[in-house]
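Below: the structure, in structure tokens.
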Amino acid sequence: MMRFTVWVLVFSAAAPCNGEDWSRFRGPNGSGLATDSGYPVEFSKTENTVWRTAARKGKSSPVLTETRVFITAFEDEKLYTQCFDRATGELLWEQFEPRTRTEIAHWNNEPSASSPVTDGENAYVFFHDFGLISYDPVGEIRWSLPLGPFTNAMGHAASLILSGDSVILLADQAEDGSIASYSTSNGELNWKAGRGDLDSWSTPMLYEPSDGEPQIITATRYELNAHSAATGEAMWAHGGTSMAVAPSPVMDGDTVYSFGYGHETPRPFNALPRLDADKDGQLSPEEYGNRAPLIMMVKKFGGPDRYLTRQVWDTFFDYASKPSALVAVRLGPTTQETEELWRYERSFVGVVPSLIVIDRILYLVKNGGILTAFDAETGDVVKAGRITGAVDPYSASPVSAEGRIYFATEGGNVAVVKAGRDWSVIAVNALDEPMFATPALSGGHIYVRTEAALYRFGVPH
């Protein structure tokens, strides 16, 4: 197994950066919420910049320990893990594994899209073209576990989470999806539960009811469900959102909110004229090539000849033609005790960012900077509008501190919005570098990963 290490600094002499836990994608249980204070509203490459350091290209989000920042990256057919000093931005070490295969994936879901997770000391990373790896604080491999191949229509995107002394990998896919628990100490499999043939791209979260065992909450195509964190046993299932579930669910108390988008009307067989080279009215495997959605469409609804016919196309859209849906579900220990509170169905297409809930207001942002705020108790829309100055595509999920929401755009802007029923834009900070990763918040500082660099922003004290 190939490894490469750059030893810049093993132990930083700088003082630790105190702050709350941001050890996984979107921080505490995936909520996106920081409860400490002192965060900057305005920042740029020259204003309120504590440090900026070059980082390899990738779309995973930074996660933090008290002294370190971890990200993953993909360059030159290598799958990188990088570790930076949190106080200074110095690269402490980087490791890579060679890419062992090429999975089907959307262009925006490259091989290092899944974010790492940390137990405060060690890092755990997942690459869908390799598998699971754990690194210790100085970059030595603790264990590695090759996994796959995976057959997700757009490529795997769910990030890892920790549950006690286990690392949880959700692998919803078009064939033989699963959720599995591995020991953080040695990578051994604790349990693995099948989830059928329903691909999704959202990251799970934990639920610890006062009168029951811990659960792992997941959102997949047309369904919200839960597994026992101890055994993987299916606990409950509830009719969920829609076909494409990219945003991760969020919780507020015992209520979970989830969003998925669909197609309200079938799409015409518009791939035919452009791709049908022999003009026979259907597409052969050679004609549709490596187009991931078409491959998975044929796998699910096609015959053994793997041809994409109009019948296969129409069957797929009969299955998929449902409106986009946002649902609120009050959780219980069983399916019978799980209650849908409200459902909002409307044409929200292509939404990737996860939801965020602040003071009983639920926020959803879509491409073009369209921000909709809902009353979290009733599902009523309280305000919808554009984030002026950040009318961009959005891949990163919103995060929040001190009653403000930070929205990072693909175009290189970080908009700051005052939360509330009458939300308003406070500032738009231009970094002029593409951004796909979700920022991390801790100790009054914002950690932003762009396609070129890793930043730490904070107000001087």
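The values are calculated or read from the model by the stated rules, or taken from the named source; none is laboratory data. Quick caveat: nothing in here was measured; it's all calculated off a predicted structure. Heads up, the Cβs are rebuilt from the backbone with ideal geometry, glycines too, and the neighbour counts pull from every protein chain shown. Side chains included, ligands, DNA and RNA excluded: accessible areas come from the protein's heavy atoms. Shrake-Rupley method; radii C 1.70, N 1.55, O 1.52, S 1.80 Å.
Restricted to the range 153-242, the set of strands (runs of 3 or more DSSP E) holding at least 2 residues that are closer than 29 Å to GLY120 by Cα and among the polar types (S, T, N, Q) comprises 177-183, 215-220, 223-228.
The single residue among VAL391, VAL382, VAL352 that is of a type in the set (A, V, I, L, M, F, W, C) and within 17 Å of the chain's Cα centre (by Cα) turns out to be VAL352.
For THR49, are the conditions met, namely being open to solvent by less than 20 Å² (accessible area, probe 1.4 Å) and either in contact with a His (Cβ under 8 Å, 6 or more places away or on another chain) or at pLDDT 95 or above (or both)? Spelling it out, it is not the case that THR49 is open to solvent by less than 20 Å² (accessible area, probe 1.4 Å) and either in contact with a His (Cβ under 8 Å, 6 or more places away or on another chain) or at pLDDT 95 or above (or both).
Yes or no, residue by residue, for (1) under 23 Å from THR409 (Cα atoms); (2) open to solvent by 80 Å² or more (accessible area, probe 1.4 Å); (3) modelled with pLDDT under 95:
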| site | (1), (2), (3) |
| --- | --- |
| THR5 | no, no, yes |
| PRO16 | no, no, yes |
| LEU33 | yes, no, no |
| TYR39 | yes, no, no |
| LYS59 | yes, no, yes |
| VAL69 | yes, no, no |
| THR72 | yes, no, no |
| GLU75 | yes, no, yes |
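Does the range 174-184 contain at least one residue that is surrounded by 24 or more Cβ atoms within 10 Å (Cβ to Cβ), within 19 Å of the chain's Cα centre (by Cα) and closer than 20 Å to LEU331 by Cβ? No, the range 174-184 contains no residue that is surrounded by 24 or more Cβ atoms within 10 Å (Cβ to Cβ), within 19 Å of the chain's Cα centre (by Cα) and closer than 20 Å to LEU331 by Cβ.
Within the range 174-195, residues that are more than 18 Å from SER228 (Cβ to Cβ) reach partners that are of a type in the set (Ser, Thr, Tyr) and modelled with pLDDT under 95 with beta carbons closer than 9 Å, at six or more positions or on different chains, in the pairs ALA174/THR151; GLU175/THR151; ASP176/THR151. The set of residues in the range 438-456 being on the phi > 0 side of the Ramachandran plot and open to solvent by 10 Å² or more (accessible area, probe 1.4 Å) consists of GLY443 alone.
Each residue in the range 196-214 was checked for being free of Cβ contacts under 8 Å to residues at least 40 places away in the same chain and on the phi < 0 side of the Ramachandran plot, and 4 of them qualify.
Scan the range 393-403 for residues that are open to solvent by 30 Å² or more (accessible area, probe 1.4 Å) and within 21 Å of ALA452 (Cβ to Cβ) and the total you get is 1. Across the range 290-323, the qualifying residues are those that are of a type in the set (Ser, Thr, Tyr) and at pLDDT below 85, and the one among them that is least open to solvent (accessible area, probe 1.4 Å) is SER321. Per the conditions (1) open to solvent by 50 Å² or more (accessible area, probe 1.4 Å); (2) closer than 18 Å to ARG26 by Cβ, the sole criterion not satisfied by ALA230 is (2). The number of residues in the range 404-428 that are open to solvent by 10 Å² or more (accessible area, probe 1.4 Å), closer than 18 Å to SER61 by Cβ and in a strand (DSSP E or B) comes to 1. The single condition among (1) crowded, with 22+ Cβ neighbours inside 10 Å; (2) among the small types (Gly, Ala, Ser); (3) over 22 Å from MET243 (Cα atoms) that ALA113 does not satisfy is (3).
In the range 36-57, how many are touching a strand residue (DSSP E or B) at 6+ places or on another chain (Cβ under 8 Å) and free of Cβ contacts under 8 Å to residues at least 60 places away in the same chain? Within the range 36-57, residues that are touching a strand residue (DSSP E or B) at 6+ places or on another chain (Cβ under 8 Å) and free of Cβ contacts under 8 Å to residues at least 60 places away in the same chain number 1.
Please tell me if ALA384 is at negative phi and touching a residue at least 24 places away in the same chain (Cβ under 8 Å). Spelling it out, it is not the case that ALA384 is at negative phi and touching a residue at least 24 places away in the same chain (Cβ under 8 Å). Only residues that are among the small types (Gly, Ala, Ser) and open to solvent by less than 10 Å² (accessible area, probe 1.4 Å): list them for the range 154-166, please. Correct list: GLY155, ALA158, SER159. Look at THR218 and say whether it is farther than 14 Å from VAL351 by Cβ and open to solvent by 40 Å² or more (accessible area, probe 1.4 Å). Taking the combined requirement at face value, the residue does not satisfy it. Can you pull out every residue in the range 335-362 that is under 17 Å from SER202 (Cα atoms) and either among the small types (Gly, Ala, Ser) or open to solvent by less than 10 Å² (accessible area, probe 1.4 Å) (or both)? Matches in the range 335-362: GLY350, VAL351, PRO353, SER354, LEU355, ILE356.
Residues in the range 116-147 that are open to solvent by 10 Å² or more (accessible area, probe 1.4 Å), aliphatic (A, V, I, L, M) and at pLDDT 95 or above: VAL138, ILE141, LEU145. The number of residues in the range 237-259 that are touching a Gly at 6+ places or on another chain (Cβ under 7 Å) and surrounded by fewer than 23 Cβ atoms within 10 Å (Cβ to Cβ) comes to 1.
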